[in-house]
1. Looking at the P(r) of the chain, how many percent of alpha-carbon pairs lie beyond 27 Å?
2. Using the basic label-point model (7 angstrom from Cα toward the beta carbon), what is the Arg10 to Ala27 distance in nanometres?
3. Show me 26-38, 54-66 ranked by packing, highest mean number of other Cβ atoms within 10 Å first.
4. For segment 93-132, what is the charge dipole size about the Cα centre, in debye to the nearest 20, if Lys and Arg each add +1 at the Cβ and Asp and Glu each add -1 at the Cβ?
5. Please give the net charge around Leu68, taking every other residue with its beta carbon less than 14 angstrom from that of Leu68, where Lys and Arg add +1 and Asp and Glu add -1.
6. Using the Karplus curve 6.51 cos²θ - 1.76 cosθ + 1.60 with θ = phi - 60°, what ³J(HN,Hα) values do you get for each residue of segment 82-96, in whole Hz, with x for Gly and Pro?
7. Compute the length gained on full extension between Glu45 and Leu68: take 0.36 nm times their separation in residues and subtract their Cα-Cα distance, giving the result in nm to one decimal.
8. Can you give the local net charge around Ser119? Use residues other than it whose beta-carbon is closer than 14 angstrom to its beta-carbon, Lys and Arg +1, Asp and Glu -1.
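A short reminder: the numbers here are calculations on the coordinates, not readings from a lab. Remember, it's a predicted structure, so these values are computed and weren't measured experimentally. Cβ coordinates were reconstructed from backbone atoms using ideal geometry, including for glycine residues, and neighbour counts include every protein chain displayed.
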Amino acid sequence: AHETALAEARAKLDLALAEDAGRFEPAERLRKLQRESAEGRVRLERLLEEVSDLRAENEALRGARDALEASQARRGGEDKAAAWLARTERESLERRIAHLGSQLDEARLSNQRLHEAASRRRDGRMSTRASK
């Protein structure tokens with residue numbers, strides 16, 4: 001941007017020199033050129049400051065973007081890890097449920113056999129008493 005401004009100032013200077021060559025006295029022309037040169041330097045300094053500010057702002061924005069991307073990457077990794085842990089825990093709980101269900105079925109069968117055996121003994125005792 002400042003290169004463009006400098007080229008623009010030089011072009012204006014060349015144009016002014018060409019236009020004014022016949023109209024002004026050399027001293028007057030020199031003062032005009034000095035004034036235009038000073039104005040050009042001031043404008044150039046202002047543009048350089050603006051460029052510097054924009055570069056600093058751009059660097060700050062890049063830093064913020066990089067931090068955000070890193071945060072999103074960490075967050076994505078954390079989400080994946082949490083999902084993996086939840087899936088692993090769910091699978092473990094499902095295995096535990098299946099195991100406990102199997103134990104419950106075994107306990108019911110065992111209880112049913114005990115109940116049947118107790119009923120046969122009771123029926124056997126009753127029939128022995130009835131026959132006496």
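1. Cα-Cα pairs in the chain separated by more than 27 Å: 69 percent.
2. Roughly 3.1 nm, to one decimal.
3. My ranking of the peptides, most packed first, is 26-38, 54-66.
4. Result for segment 93-132 is approximately 400 debye, rounded to the nearest 20.
5. Around Leu68, the charge tally is +2.
6. Result, ordered by residue: 5, 5, 5, 4, 5, 5, 4, 5, 4, 4, 5, 5, 5, 5, 5 Hz.
7. 4.8 nm is the gain from fully extending Glu45 to Leu68.
8. +3
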